[in-house]
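Please read the structure below before turning to the comments.
The values are calculated or read from the model by the stated rules, or taken from the named source; none is laboratory data. What you are looking at is a predicted structure, and each value in this text was computed from that prediction instead of being measured. A quick note on method: Cβ atoms are made from the backbone with ideal geometry, for glycine too, and the neighbour counts reach across all protein chains shown. Just so you know, the surface numbers come from the protein's heavy atoms only, side chains and all, with ligands and any DNA or RNA stripped out. Shrake-Rupley method; radii C 1.70, N 1.55, O 1.52, S 1.80 Å.
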Amino acid sequence: MSNTETFSNWENLVKKQLKTEDIYTILKKENLEGIDVKPFYDSVEKPLVNLPRVEESTHLVATYHETLEEDVFAFLLNENVENLVEKTIFINNKDLAEHISPADEDQYFSLIDVFDESNAVIDDQLVKELFAKSFRRNICVDISFHQNAGASIVQQLGIALAKTKELVEVYGEEILNKILFRLAVGGNYFFEMAKIRAFKLVFNQLSKEYGLDDIPYIFAETSLRNKSVSDSENNLIRSTLELASAMIGGADAVFSTNYQIGNNTENSEEISFKQQIVLAYESIINVFEDASNGSYYVEDITQQIAEKSWQFFLEIEENGGYLKTLKQGILQKKIYDQAVEEQKWVEEGKIKLIGVNLYPKLDKKKSVEELYREKEIKAVRWAEMFE
């Protein structure tokens, strides 16, 4: 039987079950990204080559604790630790970054955003101080903040490109292979997989504008946006899926933000890291370079996200670039509009949060107007409306 016959048989079966000829209208699934999702895929128009990552396999990053020193290779550091040898270290503290001097056998990465978003400027002093360090990646472009504020996937990637272009214009194209991109991964499993893959495409396209052929270094952490205070166990399940998305999508490093919102304990830190260990050691999904390559669905949405992100980047550039659109309040308004629309979907139950707006359903306690500010990019968890 040919593919065409198989497809036709499937269509006829669905038409019979749904008792309508118009199956595509019924099966069409809405999304806030403006991505066209088909109910059935039997091919991919433009197959992609394997999308590489910088690291050979995804680093599993733990918040530093002395009990983990023997077993863990990559740490996120908020304060100085003596005699950490032959480790990969991600620095999350500005003061610490200024005072630390890695030895040759260490690999250090900065997670400190060099953009001062509130004043719409690049912190030039910080850039120069970080450049003076022998880090593997000195400069962080943080868009995890935008994800947690409710920016769409397309907006996140467009903003990442626009921030990158601002840096290149000031410091030259040699900065491109010194940048680490800090992303937050949400709960839309396949879309988030495609987000990481799409970013590789658009970043490479940007690098080619400067005569280079670079791939981005991607540090992916679990989102706070879809987590709730009262449902730690559900948070744990959500963030496990987010980590899987990041690994399958081809992130260079992954980190689990604590699943116990506002109540971090040593035990919850340990369990958060064990999520990564189980995924990596039992599913081995951190070693594949581009595990979702060839999936008709993921390939299709990857390319749609890449195209829309590039268009959003061009839109920012037409308005004068990232910093100028921040100064004018244009980006804040775009993210606000997206975030409020998303929050309304949560309120209406179109986005489902188990234990918050489904099983059991909590009462709404805060309005959209109380949660969001039109002129400010601020992190808001969906569940705050009900807490």
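Table for the structure above
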read-out: Where a residue in the stretch 285-309 is crowded, with 23+ Cβ neighbours inside 10 Å and its partner, wherever it lies, is basic (Lys, Arg), with Cβ under 6 Å and at least six apart; value: 302/197
read-out: Flag if residue 148 is surrounded by fewer than 21 Cβ atoms within 10 Å (Cβ to Cβ) and not charged (D, E, K, R); value: no
read-out: Hits in the stretch 341-363 (condition: basic (Lys, Arg), out of contact with any strand residue (DSSP E or B) (no Cβ under 9 Å at 6 or more places or on another chain) and free of Cβ contacts under 8 Å to residues at least 24 places away in the same chain); value: 361
read-out: Residue pairs meeting the criteria (Cβ under 9 Å; at least 6 apart or on separate chains; first at negative phi and in a loop (DSSP other than H, G, I, E, B), in the stretch 67-89; second among the small types (Gly, Ala, Ser) and open to solvent by 60 Å² or more (accessible area, probe 1.4 Å)); value: none
read-out: Any hit, the stretch 67-90, residues being open to solvent by 50 Å² or more (accessible area, probe 1.4 Å) and under 22 Å from residue 143 (Cα atoms); value: yes
read-out: Residues that are in contact (Cβ under 8 Å) with a residue 60 or more places away in the chain and surrounded by fewer than 19 Cβ atoms within 10 Å (Cβ to Cβ), drawn from the stretch 274-284; value: 277
read-out: The stretch 151-174, residues that are touching a strand residue (DSSP E or B) at 6+ places or on another chain (Cβ under 8 Å), of a type in the set (A, V, I, L, M) and surrounded by fewer than 24 Cβ atoms within 10 Å (Cβ to Cβ); value: 167, 170
read-out: Condition check for residue 253: in contact (Cβ under 8 Å) with a residue 24 or more places away in the chain, open to solvent by less than 10 Å² (accessible area, probe 1.4 Å) and in contact with a Gly (Cβ under 9 Å, 6 or more places away or on another chain); value: no
read-out: Identity of the residue in the stretch 53-66, open to solvent by 50 Å² or more (accessible area, probe 1.4 Å) and of a type outside the set (D, E, K, R), that ends up farthest from residue 298 (Cα to Cα); value: 65
read-out: When residues of the stretch 175-229 are limited to those that are small (Gly, Ala, Ser) and either touching a Pro at 6+ places or on another chain (Cβ under 9 Å) or assigned to a helix (DSSP H, G or I) (or both), the one surrounded by the most Cβ atoms within 10 Å (Cβ to Cβ); value: 194
read-out: Qualifying positions in the stretch 209-267 - of a type in the set (Asp, Glu) and farther than 25 Å from residue 356 by Cβ; value: 209, 213, 214, 252, 266
read-out: Checklist (1) modelled with pLDDT of 90 or more; (2) over 27 Å from the mean Cα position of the chain (by Cα) applied to residue 5, failing item; value: (1)
read-out: Filter pass, residue 21 being touching a Lys or Arg at 6+ places or on another chain (Cβ under 8 Å), surrounded by fewer than 14 Cβ atoms within 10 Å (Cβ to Cβ), among the acidic types (Asp, Glu) and at pLDDT 80 or above; value: yes
